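Encoded as structure tokens, the structure appears first; notes follow it.
Each reported figure results from applying straightforward, stated rules to the coordinates on display, with no laboratory input. Computed from a prediction, not measured in an experiment: that's the story for all the values here. Every residue, glycine among them, receives a Cβ derived from its backbone with ideal geometry; neighbour counts consider all protein chains shown.
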2 protein chains.
Amino acid sequence: MTKGLKPWRVLESKEVLDGRPRLIVANHTVELPDGRRVEDFWKIQMFDYVVVAAWDEADRLIVERQYKHGPERVCLTLVAGAIEAGEEPLAAAKRELLEETGHQAPDWTGLGRYVVGANAGIGHAHFFKARGARLVQPANSGDLEEMRIEHLDRARVRQALAEGEFAMVSCAATLALALLEGDRRGGD
Amino acid sequence: MTKGLKPWRVLESKEVLDGRPRLIVANHTVELPDGRRVEDFWKIQMFDYVVVAAWDEADRLIVERQYKHGPERVCLTLVAGAIEAGEEPLAAAKRELLEETGHQAPDWTGLGRYVVGANAGIGHAHFFKARGARLVQPANSGDLEEMRIEHLDRARVRQALAEGEFAMVSCAATLALALLEGDRRGGD
């Protein structure tokens, strides 16, 4: 299917900002398949992360309401967090669900792995859906933010999504993919 | 709904990388609502962009197969591009559809505006769905990439999405939101 479409060749990669372990910015000089040379192409490296659309035993979505410094406002987010060194994405998803909300779930579905920046790279996001989550311990995220856990029924989820309460691309993506996956299975 | 949840206060913002007009990296020192001070918080500024899930008159999704330097592989993408200075997001979406694929569409639906980075910001993505697109002129994207335009029927779209052919978060988000929106309207 990819016949005739060739990758670019990186002629030079120069690190211009070292914010390890959370940020590295490099400048690439690349050669296109037709031989053209392009300078000054930004590549960014941040952490890989997971996002989880988790439904509880009463079929309500578990969300967090909190201030986020990306959108610079209080908004709804899903369970999410960075994958630790050597950690499997699914293990990170289960850990974040437990840490942030105190819930565990018996039923997990992978919704894919995607790159954040079409050109700059930035990192990979791994999306999951969990069903049947139930409270097993107090929530204790250790995050910088104070947050409020809420449980939203189906109608409220659709409303929040339509009204832009989920401020981030990754949350909207995970939620929409999770809802689609449910539609396809003819259930949740 | 947001009672008791307060925004962070930026005490200091220091620009550490000037890649204008395409990239600015700053370092924030912020104060949390509980008074804690956090240094070394990365904020990134890139361009805002649009992504379009465009269906043609035969109800096939218009996609582009091309090498992207974010995922560093040949993959499927939707129509997408940066919003120009002073341009409305919908105008940018119509311009990109015409430039990249030579199509125009009579029927547009906004699927929301989302921030790319939960913490770093990075930029805003505006998602759209277009229906009834038809070819009015030759495609001429002027992009760096060589690309191949393909038209996928519904079954093929679901398969491509499930198999990770859409490599980018923004494409997966736009497509899933567009498919959900169609489900809700009881059609496409």
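Quick look at the numbers
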{"read-out": "Translational diffusion coefficient (Stokes-Einstein; Kirkwood radius from C-alpha pairs) of chain B at 37 °C, 0.692 mPa s, in µm²/s", "value": "180"}
{"read-out": "Relative exposure of B:79, B:116, B:74, judged by other C-beta atoms within 10 Å (fewest first)", "value": "B:74, B:116, B:79"}
{"read-out": "Equivalent ellipsoid semi-axes - Cα gyration tensor, the protein assembly as shown, angstrom", "value": "32, 27, 19"}
{"read-out": "Antiparallel DSSP beta bridges within the protein assembly as shown, as percent of all bridges there, nearest 5", "value": "80"}
{"read-out": "Packing-based exposure ordering (other Cβ within 10 Å, fewest first) of B:114, B:49", "value": "B:49, B:114"}
{"read-out": "MRE, 222 nm, helices only [DSSP H, n ≥ 4, -39500 (n - 2.57), over chain A, to nearest 500]", "value": "-6500 deg cm²/dmol"}
{"read-out": "Estimated FRET transfer efficiency (residue B:14, residue B:84; beta-carbon r; R0 45 Å; 0.05)", "value": "0.95"}
{"read-out": "Shortest-first nm distances, residue B:29 label point to equivalent points in other copies (7 Å, Cα→Cβ)", "value": "3.8"}
{"read-out": "Of A:88, A:64, A:96, the one that fluctuates the most in a GNM where chain A has Cα springs shorter than 10 Å", "value": "A:88"}
{"read-out": "Residues A:55, B:42, sorted so that the one with the fewest Cβ neighbours within 10 Å comes first", "value": "B:42, A:55"}
{"read-out": "Residue with peak Gaussian network fluctuation, chain A [Cα springs, cutoff 10 Å], from A:36, A:95, A:65", "value": "A:36"}
{"read-out": "Along each principal axis, Cα extent of segment A:44-144, largest first, Å", "value": "41, 29, 23"}
{"read-out": "Residue among B:16, B:50, B:136 with the largest mean-square fluctuation in a Gaussian network model of chain B, springs linking Cα atoms under 10 Å", "value": "B:16"}
{"read-out": "Relative contact order of chain B, defined on C-alpha pairs under 8 angstrom at six or more residues apart (%)", "value": "22"}
